[in-house]
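Heads up, the thing below is written out as structure tokens.
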Amino acid sequence: MVEGTDLIGDEWTLAIFTAAIHRGGVGMWAWAPEARLARLDGLCMAFWGTTEPVVSIDALFAKVNAEDRPKMILDWFASATSPKAYSFDFRIGEDPDVRWISARGIGGDEGRVGAWIQAIFLDITDRKRAEEAERLMTLELAHRVSNMFTVARALTNIVAREAESTASFAEDLSRRFHVLHEATTLATRSHGLEQGDVRLRDLAARILSPYLQGANIAVDIEDAAVAAPDRVDDYAMIFHELATNSAKYGALANGGTLNLVGRVVDHALTLDWTEGAAPSGPAKADGTGFGSRLLTQTIERSLAGQFQRTIDDAGLHFRMIVPIR
């Protein structure tokens, strides 16, 4: 051994080692199959939200995300007998505060010390969130591409109904596609391109502008309703999604009426998007697709708000309420 490399005294202690692995998101734990107990170190206690170092495994199972719990329990008990290395991932809690954990160790007698089977918990929340963000981005891209073709068809139909000649048809369609491109670019721009608050009335008007000659549109959003620079994308996404859905199934597709009203009361913004029944229009979307999930992700998770959508013979009413920060 190279001279001077021995770790002695306080330089190499269990406390130092534990602190080092904790900084890497690794916690140590053990469990006793016969007693159905788990022993947790300080970091694992934080993972599980408990102040007790020894708890029943059933109490821990109750904290596991409901979707992951059945498989997680099977994997957990398999580690008592399987002599192989194991690794299984699961979530503790529910959105938006869910924590992703990976349990790893050697099962069977190899991992047992007395009555206890020893292993580690690794916090993989950041990695899982990055994977989920990448997955959502891929789905969102596919959703947007599909929507753009649908909107292009809807705009073509709108222009065709009003065109007086081939030349006017081409000119009008080209103009609307240009405005649609601007609106789509706004909904996907990076945060750093613009600074300052943006009035939601201006934002909505810009996104709805390609449809102005094909439907009766009224935008009444008061000046106090604004989006901060880091929230412009969220509101643009919401307006763009609602307009796209309307161009597929609702007022913007069939010459109906659309009223968008925004008010700020008691530190909360309320936006009401109301569509009147469009003549001879196709059935409206039921709100269960990716577009609806995208609205949920944006309004509830990003803006900490809530929304409600009702569809009946009179048309569609969408209301969202977002706290002003």
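In table form, for the structure just shown:
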{"quantity": "Boolean, I101 is open to solvent by less than 10 Å² (accessible area, probe 1.4 Å), part of a strand (DSSP E or B), without any contact (Cβ under 8 Å) to a residue 60 or more places away in the chain and not hydroxyl-bearing (S, T, Y)", "calculated": "yes"}
{"quantity": "Residues that are surrounded by 14 or more Cβ atoms within 10 Å (Cβ to Cβ) and acidic (D, E), drawn from segment 36-54", "calculated": "D41"}
{"quantity": "So R69, is it charged (D, E, K, R) and at pLDDT 90 or above", "calculated": "yes"}
{"quantity": "Scope segment 84-136; condition basic (K, R) and touching a Lys or Arg at 6+ places or on another chain (Cβ under 9 Å); matching residues", "calculated": "R91, R99, K128"}
{"quantity": "Complete set of residues in segment 55-75 that are over 26 Å from the mean Cα position of the chain (by Cα), surrounded by 13 or more Cβ atoms within 10 Å (Cβ to Cβ) and either more than 17 Å from G93 (Cβ to Cβ) or among the β-branched types (V, I, T) (or both)", "calculated": "V55, S56, I57, I73, D75"}
{"quantity": "R135 vs. criteria modelled with pLDDT under 90, open to solvent by 30 Å² or more (accessible area, probe 1.4 Å) and in contact with a strand residue (DSSP E or B) (Cβ under 8 Å, 6 or more places away or on another chain)", "calculated": "no"}
{"quantity": "Matching residues, segment 311-320, being touching a strand residue (DSSP E or B) at 6+ places or on another chain (Cβ under 7 Å) and either under 13 Å from M237 (Cβ atoms) or crowded, with 16+ Cβ neighbours inside 10 Å (or both)", "calculated": "G315, L316, F318, M320"}
{"quantity": "First in segment 61-76 and within 13 Å of I101 (Cα to Cα), second anywhere and not in a helix (DSSP H, G or I), Cβ under 6 Å, 6 or more apart", "calculated": "K63/I92; V64/F90; N65/R91; D68/F90; D68/R91; M72/V64; M72/F90"}
{"quantity": "Failed criterion for S174 (all others in (1) more than 30 Å from P33 (Cα to Cα); (2) of a type in the set (S, T, N, Q); (3) open to solvent by less than 60 Å² (accessible area, probe 1.4 Å); (4) modelled with pLDDT of 70 or more hold)", "calculated": "(3)"}
{"quantity": "Tally of residues being open to solvent by 60 Å² or more (accessible area, probe 1.4 Å), modelled with pLDDT of 70 or more and not acidic (D, E) across segment 158-168", "calculated": "2"}
{"quantity": "Residues of segment 194-231 that turn out to be part of a helix (DSSP H, G or I), buried (at least 20 other Cβ atoms within 10 Å of the Cβ) and of a type in the set (A, V, I, L, M, F, W, C), as a count", "calculated": "5"}
{"quantity": "Residue within segment 289-310 that is modelled with pLDDT of 85 or more, closer than 19 Å to L139 by Cα, of a type outside the set (S, T, N, Q) and open to solvent by 40 Å² or more (accessible area, probe 1.4 Å) present", "calculated": "yes"}
{"quantity": "Qualifying residue in segment 245-254 (condition: within 26 Å of E132 (Cα to Cα) and modelled with pLDDT of 80 or more)", "calculated": "yes"}
{"quantity": "Residue list for segment 311-321, filter: modelled with pLDDT of 95 or more and β-branched (V, I, T)", "calculated": "I321"}
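The values are calculated or read from the model by the stated rules, or taken from the named source; none is laboratory data. Not measured: the values here are computed from a predicted model. Cβ coordinates were reconstructed from backbone atoms using ideal geometry, including for glycine residues, and neighbour counts include every protein chain displayed. Ligands, DNA and RNA are excluded from the accessible area calculation, which covers all protein heavy atoms including side chains. Shrake-Rupley method; radii C 1.70, N 1.55, O 1.52, S 1.80 Å.
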